[in-house]
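The values are calculated or read from the model by the stated rules, or taken from the named source; none is laboratory data. Note that this is a predicted model, so its numbers are computed, not measured. Please note: Cβ atoms are built from the backbone with ideal geometry, for glycine as well, and neighbour counts cover all protein chains shown. Side chains are part of the model used for accessible areas, which takes the heavy atoms of the whole protein and leaves out ligands, DNA and RNA. Shrake-Rupley method; radii C 1.70, N 1.55, O 1.52, S 1.80 Å.
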Amino acid sequence: MKNKAISPKKQVSRKQGQALFAAPVGVLGLGLMGQGLVTCLLANGYNVMCYDIDRSRNSVIVKHVQKSLEQLAAEGLPAIEAPKDALKRLSFAVSMKELKDCRIILECIRENLDLKRKVLGELESYVSSECILASNTSSFPISLLQHGLREPGRFIGLHWGEPTQIMRYLEIIPGRQTTTATTRFATRFGASCGKEPTLLKQDIRGFLSNRLMYAMLREAFHLVEMGVADVETIDQSFRNDIGWWALLAGPFRWMDLTGIPAYAAVMEGLLPELCNQSTVPPLMQKMLRDKALGVANQKGFYKYNKATAARWEKDWVNFTYEMRKLADKYTPTK
């Protein structure tokens, strides 16, 4: 049975801390996003079984998750129990086969199409027909990953935000063969994790938020390369305008608030001049040649040392908590 459209206008209430089922949730891949997912799931009452090919990191991951759970408790966000008790519901698999009893498995491995297909195909051979398989891919069309699976109807895209345990963000992307039942289950599951699920009507590369963000990033690179402004000035402008209102209102609500006709007038003259290049910008290519990872290795568009990189990472988490509280306060009403 192919997926039928489910109206995104039907709001799903967030029931944080109320797990829908007792069976474990599987997390496959324990990078930064995977660790955030583990924290989010534990905080919302789920039993979690996770697997990563590098098992030597398990003790480090436990410490990271514990610290994140403690931060959630300190910030007063809903959690069903003390961090040390929540950690008792976390277990590590020694092989993918041990995920066979999971009700849903969240794949969070690196963005490599062939690798994802290989892992999902192997995973499918272990789990029951009732198990939902979900990918956290940030760019690949779900129908592309779905192709070749024995039971494609139970496969869906769940694109989480980072830090996962704090943000309300979650995109739900059914593929062409995803069943309605899978989509409904994923939507309820996302809501039970404290998210406001955003359901797409079409399976497109990059989904919603990434397409909007990368359109902005392309223009930002273009402005730097044209010599209109430097990186710092562009960041300053963005923070003091779009960054000021974007949590309260999306682009369409913002046009409602500030007058629609003015935007049409600007579009007529401006849109033809916006960047539409389809290749990776030269400045980004230079970053790759320089092996810049950003704060992770203190090499990026800005200069960092170990202390300033750590401060930015700490500020990012603290800021996200503050924004979460603002988002809860100003949840849009129809």
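Looking only at region 233-259, which residues have a backbone nitrogen under 15 Å from a spot 7 Å from the Cα of Glu322 in the C-beta direction? Flagged as within label range: 239-240, 243-245, 247.
FRET efficiency for Thr180 and Asp230, Cβ-Cβ distance as r, R0 = 41 Å, nearest 0.05?
Working from the Cβ atoms, E equals 0.25.
Within the listed set Thr187, Thr308, Thr137, the Gaussian network model of the chain (springs between alpha-carbon atoms below 10 Å) gives the highest mean-square fluctuation for Thr308.
When the chain is treated as a Gaussian network with alpha carbon springs shorter than 10 Å, the biggest mean-square fluctuation among Leu123, Leu257, Leu158 belongs to Leu257. Given their separation in residues at 0.36 nm each and the Cα-Cα distance between them, Glu75 and Arg57 gain 3.8 nm when the chain is fully extended. Considering region 206-245, its Cα convex hull presents a mean projected area of 2.9 nm². At q = 0.09, 0.14, 0.21 Å⁻¹ the log10 of I(q)/I(0) for region 132-262 amounts to -0.36, -0.77, -1.20, computed by Debye summation with a single uniform scatterer per C-alpha, solvent ignored. Assuming a ≥ b ≥ c are the square roots of the Cα gyration tensor eigenvalues, decide whether region 215-315 counts as rounded (a/c under 1.5), prolate (otherwise, with a/b larger than b/c) or oblate. Here region 215-315 falls in the oblate category. Bridges between two residues of the chain, per DSSP, are antiparallel at a rate of about 25%.
Counted residue by residue at 0.36 nm each, then reduced by the alpha carbon distance between them, the extension gain from Ile242 to Arg289 reaches 13.8 nm. Find the relative contact order for the chain and round it to a whole percent, using C-alpha pairs within less than 8 Å whose residues are 6+ positions apart. Result for the chain is 17 percent. Between (i) 21.6; (ii) 20.5; (iii) 24.6, which matches Kirkwood radius over Cα pairs in Å calculated for the structure shown? Among (i) 21.6; (ii) 20.5; (iii) 24.6, the one derived from this structure is (i). Projected label points at Arg188 and Glu111, each 7 Å from Cα along the beta carbon direction, are separated by 3.3 nanometres. Note on the chain: GNM, Cα springs under 10 Å; of Phe189, Phe92, Phe319, the largest mean-square fluctuation is that of Phe319. Pair-distance distribution P(r) for region 150-208, from all Cα-Cα distances in 5 Å bins starting at 0: 4, 21, 30, 23, 15, 6, 1 percent.
The label-point distance for Leu212 and Ser129, in a model that sets each label 7 Å from Cα toward Cβ, rounds to 4.0 nm. Which percent, to the nearest 5, of DSSP beta bridges fully inside region 135-258 are antiparallel? Close to 50 percent. Here region 256-334 exposes an accessible surface that is 63 percent carbon and sulfur, computed with a 1.4 Å probe and the other protein chains kept in place. A simple spin-label model places the labels of Met267 and Met255 0.4 nm from each other, with each point 7 Å out along Cα-to-Cβ.
Counting each DSSP H run of 4 or more residues in the chain as -39500 (n - 2.57), what helix-only mean residue ellipticity at 222 nm follows after dividing by all residues, to the nearest 500 deg cm²/dmol?
-13500 deg cm²/dmol
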